Amino acid sequence: MSAPVALVTGASRGIGALIADKLAAAGWDLTVSARSEGPLQERAGLLSAHGHAVRAVPADMGVEEDVVRLADVHVEAYGRLDALVLNAGMGSIGPFADFPARRFDKLYAINVRSGYVLTQRLLPVLRKTAAGERGTAKVIAVSSLTGVAAEPLNSAYGASKAALTSLCETLNTEESEAGVTATAVCPGYVATDMTAPLADQVDPGAMIDPADVAELVVALTRLGRSVVVPSIPMTRPGPHLWRA
Ligand SMILES: NC(=O)c1ccc[n+]([C@@H]2O[C@H](COP(=O)([O-])OP(=O)(O)OC[C@H]3O[C@@H](n4cnc5c(N)ncnc54)[C@H](OP(=O)(O)O)[C@@H]3O)[C@@H](O)[C@H]2O)c1
């Protein structure tokens, strides 16, 4: 069998970097993406040390031309896609009463619309890969527990992640019989740069380890075509099962 291939967005740091690293260590070829070229190239260099192909494509998931270009560069380079990991995302909190609608639009563009456009554009190659020797191709979205159970100050972020989870569910209803299946992984607080500003409210040591999120994503890539896992909530230990 030829090496499996993944495209991971938001792969320069945090959860995405760990997903890319675990996939590279398991023998996958990769396209990795993020906005800032320097940190992305640095990450790509580290990933290359595993001995497999790594292509770094700087792209802003808030800009549709970048999203389309990312998909096209991937297809041109590899011609197959075993796992599309929709991980790039933006966090922003504020009271429902005065959260700016413009900021809502930006969250929605980055957290939902980019995943929609990227999946649409890559669906032909996902289908083609699923019809090949492995028999399946995965779309895995890093969504959020706040899209499953509401949290104060998370109206826009939670709504964007609920929409992302819904996209995975609908994709399964249309494509899973052809072997393309989707899962929304929905973690509570994960100890990354994104949650660093919350460190005075929640001890980062009590948050989910980003390596555990990455481990779950990689485990999903190992499943065959006989099962659909629409979504998986992940919470930190404690009495509040559905609280981020
Ligand atoms: N941390 C949490 O508590 C938590 C919980 C649940 C879900 N999540 C989700 O997990 C995903 C990863 O978050 P993280 O905690 O690992 O965040 P992070 O450490 O801040 O990393 C975010 C990654 O995404 C890239 N990125 C950000 N905005 C982008 C954009 N507009 N276009 C392209 N790439 C972009 C960043 O690189 P550049 O800045 O260079 O673009 C970076 O590589 C996000 O979707 C987030 O919503 C996080």
Mean separation of Cα contacts under 8 Å (6+ apart) over length of the chain, as relative contact order %: 19
Apportionment of accessible area to carbon and sulfur, the chain, percent (1.4 Å): 53
Beta bridges per DSSP with both ends in segment 5-234, % antiparallel, nearest 5: 0
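Subtracting the Cα-Cα distance from 0.36 nm times the residue separation, let me have the gained length for residue 93 to residue 222 in nm, one decimal. Display every interim value, and only then the final one.
On the way: separation 129, 0.36 × 129 = 46.44 nm, distance 3.46 nm.
Contour length minus the Cα-Cα distance gives 43.0 nm.
I want to check a number: in segment 5-234, how many lysine pairs have alpha carbons closer than 22 Å, given a sequence separation of 8 or more or different chains? Let's see the in-between values first.
Details: 22/138; 106/161; 128/138; 138/161.
Count of close lysine pairs: 4.
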Solvent-accessible surface ranking, highest first, for 57, 68 at 1.4 angstrom: 68, 57
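Computed over the Cα atoms of the chain, what is the ratio Rg over Rh, Rh following Kirkwood?
Numbers: Rg = 17.0 Å, Rh = 17.9 Å.
Ratio value, two decimals: 0.95.
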Accessible area expressed per residue, the chain, with surrounding protein chains retained (probe 1.4 Å, Å²): 46
Over segment 135-179: Rg over Rh, Cα atoms, Kirkwood Rh: 1.11
Interchain or long-range residues, amide H under 5 Å from residue 53's placed H: 30
Cα centroid of segment 121-154 to Cα centroid of segment 169-229, whole Å: 10
FRET efficiency, residue 106 to residue 177 (Cβ-Cβ, R0 35 Å, nearest 0.05): 0.50
Cα-based Rg / Dmax (Å) for segment 1-145: 15.4, 55
Amide proton proximity set for residue 243, modelled H, under 5 Å, gap of 5+: none
For segment 8-49, alpha-carbon Rg and Dmax in angstrom: 8.9, 26
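The values are calculated or read from the model by the stated rules, or taken from the named source; none is laboratory data. All values reported here derive from a predicted model rather than from experimental measurement. Virtual Cβ from ideal backbone geometry, glycine too; neighbours counted across all protein chains shown. The area values use the complete protein model at the heavy-atom level, side chains included, leaving out ligands, DNA and RNA. Shrake-Rupley method; radii C 1.70, N 1.55, O 1.52, S 1.80 Å.
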